[in-house]
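Undergrad: Pasting a structure below so you can have a look.
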Amino acid sequence: MWITLAAASAMAVTLAAAPVACAPAGNSTTHPAGEHGCQNAWGPLVAVQFAPAKPKVRASLRVKCDKELITTFMARIAIEHKDGLFADWYEIKHDYYEQLPGLASSYTLLSDPCREGSYRAKASITGTFMNGEPFKVTEETPSTTVDCEHPEPIT
C-alpha cells in the first residue's frame with residue numbers, strides 16, 4: 001500500500017510540472033532542437049490603415065522551422081483587448097494557419113476596429129515530429145497600447 005501511495009504521489013508531482021518549452025514566453029522563444037524544431041518571434045502589435053478604411057490592429061508571428069524535424073503544423077493566433085486597468089481580457093479576432101512554415105514564414109492577423117485600451121496577442125502552435133510524437137507550444141505578447149490616432153499607412 002505504501003508503495004502504491006508513493007508511486008501515485010510521484011506521478012502527481014511529475015504531471016503537475018509544466019515542461020519549460022511549453023510555458024508562455026513573452027516576446028519571443030527559441031525552442032531547442034528536438035523540443036519543437038521552430039523559433040518563434042512576435043512583431044510589435046501596431047495600428048495599421050489601408051486608405052481610406054478605418055485603422056486596424058495587426059499582430060504578426062514570425063516562425064522559422066527546421067522541416068527535417070516536423071511533419072505537421074497548425075497555429076491559432078488571437079488578438080485580445082481590454083478596456084481598462086481592471087477590465088477582463090476578451091478575444092476580438094482569431095484565425096488558424098495550417099501551412100507548414102518554411103525557412104522563415106510570417107503569420108499576420110488583422111483585427112478591426114482599432115480602439116482605445118490594451119491589446120495582446122496569443123498563439124497556440126501544435127504539430128507532429130517526424131517520429132510521430134505531438135508537440136504543443138503557447139506564445140503570448142506582453143500587453144501594450146496601440147496608437148489608433150496615428151496608424152501606420154499600408155499602401
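Just so you know, all these numbers are worked out from the coordinates, no wet-lab data involved. On a predicted model such as this, the values are computed, not experimentally measured, just so you know. FYI the Cβ positions are ideal-geometry reconstructions off the backbone, even for glycines, and counts take in every protein chain you see.
Undergrad: For Lys56, give me every one of the lysines with a C-alpha distance below 18 angstrom, ignoring sequence neighbours fewer than eight places off in its own chain.
TA: The qualifying lysines are Lys82, Lys93, Lys122.
Undergrad: Sticking with this structure for a sec: Between Arg115 and Gln99, how many nm apart are label points set 7 Å from Cα along the C-beta direction?
TA: Distance between label points: 3.2 nm.
Undergrad: Please give the length that would be gained between Lys82 and Lys54 if that part of the chain were fully extended, namely 0.36 nm times their separation in residues minus their C-alpha to C-alpha distance (nm, one decimal).
TA: 8.1 nm
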